[in-house]
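Notes to accompany the following structure.
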Amino acid sequence: MGENWYQDAVFYELYVRAFYDSTGSGHGDLAGVVEKLDYLKSLGVDCIWLLPIYPSPLKDDGYDVADYLGIHPDFGTLDDFRRLIEEAHARGLRVIADLVVNHTSDQHPWFVESRSSRDNPKRDWYVWSDTGKRYSETRIIFIDTEDSNWTYDERTGQYYWHRFYYHQPDLNFDNPDVQQAILDVMAYWLDLGIDGFRVDAVPYLYEREGTINENLPQTHAYLKRMRRFIDERWPHALLLCEANQPPEDVVAYFGEGDEFHMGFHFPLMPRIYMALRSGESAKLREVIQQTPPIPDGCQWCTFLRNHDELTLEMVSEEERQWMWQEYAPDPRMKLNLGIRRRLAPLLDNNPDRIMLANRILFSLPGSPIIYYGDEIGMGDAIYLPDRDGVRTPMQWNDRPNGGFSAARAAALYSPVIDGPVYGFQRVNTAAQENDPASLLNRMRMLIRLRKQHPLLARGSLRFLDPGNEAVLAFLRSEGDEHLLVLHHLGDRAVEIALNLAQFAGLIPVDLLSPGELYAPLDVAPLTLTLGCCETKWLKLNPPE
Ligand code: NOJ
């Protein structure tokens, strides 16, 4: 893959600490990821996204950075990082990592200096105030733990600003030295060979009185500078935007093709779950129709789950209550404005439903991300604090600790999922490897198909009317190639009729079950019966 490689890529998000422990320390490490690169290669993904790998007190799993230029000692060394990049590249895999620049840990030396006195030269690297009353129109994000975006600092008698945990003070991007320091951090990792960054918490870089302090013009201006900076020296590097915002605001982060290359499509994700549970396609159709076009060279990043709670920030209050009622029946499953569960438990551990969700994702525009463990249907541990329950060790086999680590179970950074349904004894990659019907192998096939048909990534999308709300029907097209996609969301078999007169003469071939034979399309509607959770990807081919 060359230029714009990310537009056709399949991504895999992994937490280094959770993936594979190569030393027996109880923590996953970079050398462990190297050992598992062949697994990732065989899965068929193109790019790995690493959660933060930097030195950190790990009070927010590394999103609290204490040193931008190092590797957390539990995860290895800079040499291990260099090796990971080399070995990944040797296999044609790319690696991006989180870049957390809105805030640092309160243990970062910059903040330690900043809070040491009011006249310290680093004082202005963070946002300080006498009153803690400024920016009162700003929402709180971690509503379950924080009751203010200001925290009082005893020693210097002022308050510091933070959009996330109180121990994550926000950097002051009005300060030119901060602006430059972040570019220097980027250059450092790009020179080490990294392929790009997933930039964390993008909307919150700047603050201005009288605003909600999200998506400010100053933020966009700085991001454009960031893009110019990388384009000059690392033209193939990727910037992926984390902005949990409505589509029209996320689209602004693509600029005119001069800000981010990619952005997560947050509003799409919960609507996939709504469609699956309600058996109705309308909301999914609406969100896609409401998504504005994006500049050439840009791409959406689509996902079903990630390392955070399944966020419900991008739905209405009524929809949120409905999602909680349907997907978080136990109050322990709720967190902030979301749901702390993994994909398989959310979909009742039903492999056909899990595959339907993935097939929807893989058939829509954008580059999909798989969250580690979801490709084998890992479970969660909702009794663990915060989001830890969806960050448990990867399950490799049925040996002790699921093959994740040789340490004593008590020394693991987190318990491995145990138990009859989701336990490592049953759910693990080794068990699924040789079973052609396993989730792992079905996911492999899906990834392969997606890559064989680039129109799935870049082609246009046009909805069709199948005459039944339970069926999502659309055409993906690029040039004179057409793919008819049908997803049946309901439980009972349905018959549908589609007007495909414009394609009369073409012959459908189902990419998902190529053995099924179809007659050439006719001016009369195509009638089809779809079973529960059934998907068809019908390539409309000219006759031989
Ligand atoms: C978004 C990240 O995904 C989340 O895990 C983190 O806690 C916050 N940003 C703060 O960095």
### Query
Among (1) touching a Gly at 6+ places or on another chain (Cβ under 7 Å); (2) surrounded by 20 or more Cβ atoms within 10 Å (Cβ to Cβ), which single condition is Ala406 missing?
(2)
### Query
Any chance segment 39-58 includes a residue that's outside any strand (DSSP E or B), within 16 Å of the ligand (Cβ to nearest atom), in contact with a His (Cβ under 7 Å, 6 or more places away or on another chain) and of a type in the set (Val, Ile, Thr)?
yes
### Query
Within segment 151-175, can you find the residues that are part of a strand (DSSP E or B) and either among the aliphatic types (A, V, I, L, M) or crowded, with 22+ Cβ neighbours inside 10 Å (or both)?
Tyr160, Trp161, Asp170, Leu171
### Query
Taking interchain pairs and intrachain pairs at least six residues apart, which have beta carbon atoms under 6 angstrom, with the first residue in segment 130-159 and at positive phi and the second more than 14 Å from the ligand (Cβ to nearest atom)?
Gly132/Trp150; Gly132/Tyr159; Tyr135/Glu207; Tyr135/Asn213
### Task
Working only within segment 135-150, note down all residues that are more than 16 Å from the ligand (Cβ to nearest atom) and buried (at least 18 other Cβ atoms within 10 Å of the Cβ).
Tyr135, Trp150
### Count of segment 299-340 residues which are without any contact (Cβ under 8 Å) to a residue 60 or more places away in the chain and either surrounded by 18 or more Cβ atoms within 10 Å (Cβ to Cβ) or of a type in the set (Lys, Arg) (or both)
13
### Message
Looking at segment 374-390, I want the residues that are farther than 21 Å from Ala357 by Cα and β-branched (Val, Ile, Thr) and have a partner that is more than 16 Å from the ligand (Cβ to nearest atom) and part of a helix (DSSP H, G or I) with Cβ atoms under 9 Å, at least 6 apart or on another chain. Which pairs are those?
### Response
Ile382/Arg332; Ile382/Met333; Ile382/Pro345
### Message
It is to be established whether one or more residues within segment 88-100 are out of contact with any Lys or Arg (no Cβ under 7 Å at 6 or more places or on another chain), charged (D, E, K, R), over 28 Å from Asp308 (Cα atoms) and surrounded by fewer than 20 Cβ atoms within 10 Å (Cβ to Cβ).
### Response
no
## Note on the structure
Within segment 286-327, restricting to residues that are of a type in the set (Asp, Glu) and within 16 Å of the ligand (Cβ to nearest atom), the one that is nearest to the chain's Cα centre (by Cα) is Asp308
### Query
For segment 102-121, which residues satisfy the criterion of being surrounded by 18 or more Cβ atoms within 10 Å (Cβ to Cβ) and either part of a loop (DSSP other than H, G, I, E, B) or modelled with pLDDT under 95 (or both)?
Asn102, Thr104, Ser105, Asp106, His108, Arg115
### Summary
All conditions in (1) more than 17 Å from Leu14 (Cβ to Cβ); (2) in contact with a Pro (Cβ under 6 Å, 6 or more places away or on another chain) are true of Phe404 except (1)
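Whether any residue in segment 178-198 is assigned to a loop (DSSP other than H, G, I, E, B), away from the ligand (no atom under 16 Å from the Cβ), crowded, with 19+ Cβ neighbours inside 10 Å and of a type outside the set (S, T, N, Q) is what I want to check.
Looking through segment 178-198, at least one residue is assigned to a loop (DSSP other than H, G, I, E, B), away from the ligand (no atom under 16 Å from the Cβ), crowded, with 19+ Cβ neighbours inside 10 Å and of a type outside the set (S, T, N, Q).
The values are calculated or read from the model by the stated rules, or taken from the named source; none is laboratory data. Note that the coordinates shown come from a computational prediction; the quantities given were computed from them, not determined experimentally. For neighbour counting, all protein chains shown are included, and Cβ atoms are generated from backbone atoms with ideal geometry for every residue, glycine included.
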